[in-house]
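Some notes on the structure that comes next.
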Amino acid sequence: MSTRAGLTVTQVSHAYGKFVAARQIDLVARPGEVHCLLGPSGSGKSTLLRLIAGLETLQQGHIEIDGTEVASPTVHLSPEQRSVGFVFQDYALFPHLDVRRNIAFGMSRGSADQQRQRVRDLLDRVGMTDYESAMPHTLSGGQQQRIALARALASEPAVMLLDEPFSGLDARLRRDVRQTTLDILHATDVATLMVTHDPQEALATGDVVSVIQAGRIVQTGPPAEVYQRSASRAIAEVFGPINRLTGEVQDGTVASCCGPLAAPHLTHGSAVEVLLRPEAIALSKQPATDSVPARISSVSIEGATLRITVTLPEGVELEVYDLARRHWQAGDDVFLTLDDATVIIHPLPA
């Protein structure tokens, strides 16, 4: 069990003039855990990283790293006093230093021999043992990212901050480097906070995901929970297209154009919205229990996925995803069924 305390952010608010960049943010990243902060540009992600790193003076709230208060309205420890490692979007390697000296730059403890051995250990950990003497400009983007990670780990930080670290890499390389980075971080005792604007990356990377909108964290939880049980339509739409229906709860059931939907937790007679992700709808050429008829209006191929629009007899259009190896075309009569476990039902405001 870890003896470290990780990162705790409590009721943090911060403004630039009249623009409020962070609003009463609470966030925890535990040792060995990757916490992804997901939001668009201008939502407050980078402001929070800068406050945690000590690059901005905190106006309201408290930040603790490894059990020590590092920031409050009356406390401001400098970045080098905070036990924080930082990997920037552009890696920020020193161009005039070779790989060994880039990594050793953040080391403050140990003899020269111990530091050299530590550099070799870190290079081995990130799979770059043959590049100790290389200059940054000779490395690919993925290699530079690995060296930046090794440099950030060199000071043995309690908290690692990752600022869109994979956004500059192509899709295939991004997956490989991301997995290497995750394997390394999970094997250490470091608490990691990673910011990203890519919802698929957040789901694939985070042990915990927090969605931030307009400076406020609106939902936090395991990736599957945030995706499958989004707390609002605005949050659900962060992760991609969503089908929206409305209805009324009658004896624990919502009658919809897609059939009855269980809603035992909602009050009888309350108006609700039903959110259906495209992959929650299954298509078949044969009717089944609780299936409803529809007709395919359009089909488009998106890699391994078909994006299909179906029209129900009531005129309601729904978007559906299916595997591209299945053969559907516009005009086909089909039957659709819902995966009840992935249906999201929220009460509408009174």
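The values are calculated or read from the model by the stated rules, or taken from the named source; none is laboratory data. For clarity, every value in this text was computed on a predicted model and none was experimentally measured. Positions of Cβ are backbone-derived with ideal geometry, glycine not excepted, and every protein chain shown enters the neighbour counts.
List of remarks:
- Selection from region 218-276 of residues that are under 27 Å from the mean Cα position of the chain (by Cα), charged (D, E, K, R) and part of a loop (DSSP other than H, G, I, E, B): R229
- Verdict on T68 being surrounded by 14 or more Cβ atoms within 10 Å (Cβ to Cβ), on the phi < 0 side of the Ramachandran plot and of a type in the set (S, T, N, Q): yes
- Flag set for V209, criterion: closer than 20 Å to E33 by Cβ and within 18 Å of the chain's Cα centre (by Cα).
- Residue count for region 78-109, restricted to those that are over 32 Å from the mean Cα position of the chain (by Cα), surrounded by 12 or more Cβ atoms within 10 Å (Cβ to Cβ) and part of a loop (DSSP other than H, G, I, E, B): 2.
- Residue that is over 17 Å from A191 (Cα atoms), touching a residue at least 12 places away in the same chain (Cβ under 8 Å) and of a type in the set (G, A, S), where the choices are G61, G42, G67, G32: G61
- Filter pass, V75 being in the same structural domain as S155 (by TED's automatic domain parsing), surrounded by 18 or more Cβ atoms within 10 Å (Cβ to Cβ) and aliphatic (A, V, I, L, M): no
- Considering region 196-220, the residues that are buried (at least 17 other Cβ atoms within 10 Å of the Cβ) and small (G, A, S) include one that is nearest to L185 (Cα to Cα), namely G206.
- Residue within region 155-169 that is modelled with pLDDT under 90, closer than 23 Å to M107 by Cβ, in contact with a Gly (Cβ under 6 Å, 6 or more places away or on another chain) and not in a strand (DSSP E or B) present: yes
- Among the residues making up region 209-261, those that are within 24 Å of T309 (Cα to Cα), in contact (Cβ under 8 Å) with a residue 24 or more places away in the chain and among the small types (G, A, S) are S230, S232, A236, G240, G247, G259.
- Within region 280-289, tally of residues that are exposed (fewer than 14 other Cβ atoms within 10 Å of the Cβ) and not basic (K, R): 5
- Filtering region 140-149 to residues that are surrounded by fewer than 22 Cβ atoms within 10 Å (Cβ to Cβ) and of a type in the set (G, A, S) leaves S140, G141, G142.
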